[in-house]
1. Scan the range B:9-53 for residues that are of a type in the set (S, T, N, Q) and either part of a strand (DSSP E or B) or closer than 12 Å to B:PHE91 by Cβ (or both) and report the count.
2. Quick test of your reading of the structure: B:TYR25 fulfils all but one of (1) under 23 Å from A:GLY3 (Cβ atoms); (2) aromatic (Phe, Trp, Tyr); (3) in contact with a Ser or Thr (Cβ under 8 Å, 6 or more places away or on another chain). Name the failing condition by number.
3. Suppose the filter is in contact with a Ser or Thr (Cβ under 6 Å, 6 or more places away or on another chain) and facing another protein chain (nearest Cβ under 9 Å); does B:TYR37 pass it?
Amino acid sequence: GAGVSQSPSNKVTEKGKDVELRCDPISGHTALYWYRQRLGQGLEFLIYFQGNSAPDKSGLPSDRFSAERTGESVSTLTIQRTQQEDSAVYLCASSPRTSGGASRTDTQYFGPGTRLTVL
Amino acid sequence: AQKITQTQPGMFVQEKEAVTLDCTYDTSDPSYGLFWYKQPSSGEMIFLIYQGSYDQQNATEGRYSLNFQKARKSANLVISASQLGDSAMYFCAMREGPWNYGGSQGNLIFGKGTKLSVKP
């Protein structure tokens, strides 16, 4: 089946503008994650959705960042009043229903990412 | 303190040889999962292999194997018979548990990665 898809693949914006990034998870995956990867760095966790539960927003770096998810499908990450330090690749991942312990079924599968450049 | 440490920023290996990429982790949780991902220059994160903290045997997936030493808190990735297409960044990641349905834990904690270059 289809993997995780993200759009746009590239986004160039001016400082102060708002941007929306979209993620389509793998069908049937209830868990969805957003990560940020700055140039030459590892991934930083941003936000996590699991089914209809309240999202875990503990990784969001500021209140300019927000995300929504409609049911168990599409998610949108919004960055308001973008700053140059927001320039990064934003990666989305999904995984099957989270188990109650350590399991391979919790493996996260990533989309190709959106490269955001703030001028 | 870093939860995932990858001490090798860059590694070189000759084609067809084996290579070990180091990863140490830090957690007080008895239940956790360890993952390795490959990120080629295209940017996509590709899942390679998984090791659960309670798994009795080291994980293997084709040419990839994981040298899991729980007491040392290390989970090194071994790639056998390296190929030119293996040139990429490799990330070690950990997911702590227990994570319950609807719980707040679940994200992966990543190391800074190792850049592997395979020489012909």
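Read-outs throughout are calculated quantities, based only on the coordinates presented, and are distinct from any laboratory measurement. As the structure is a computational prediction, the values presented were derived from the model and not from experiment. With ideal geometry, Cβ positions are generated from the backbone for all residues, glycine too; neighbour counts draw on all protein chains shown.
1. Restricting attention to the range B:9-53, the residues satisfying the condition of being of a type in the set (S, T, N, Q) are B:14, B:20, B:24, B:27-28, B:31, B:39, B:41-42, B:51, B:53.
Now narrow it down to the ones that are either part of a strand (DSSP E or B) or closer than 12 Å to B:PHE91 by Cβ (or both): B:14, B:20, B:24, B:39, B:51.
Residues flagged as of a type in the set (S, T, N, Q) and either part of a strand (DSSP E or B) or closer than 12 Å to B:PHE91 by Cβ (or both) within the range B:9-53 amount to 5.
2. (1)
3. no
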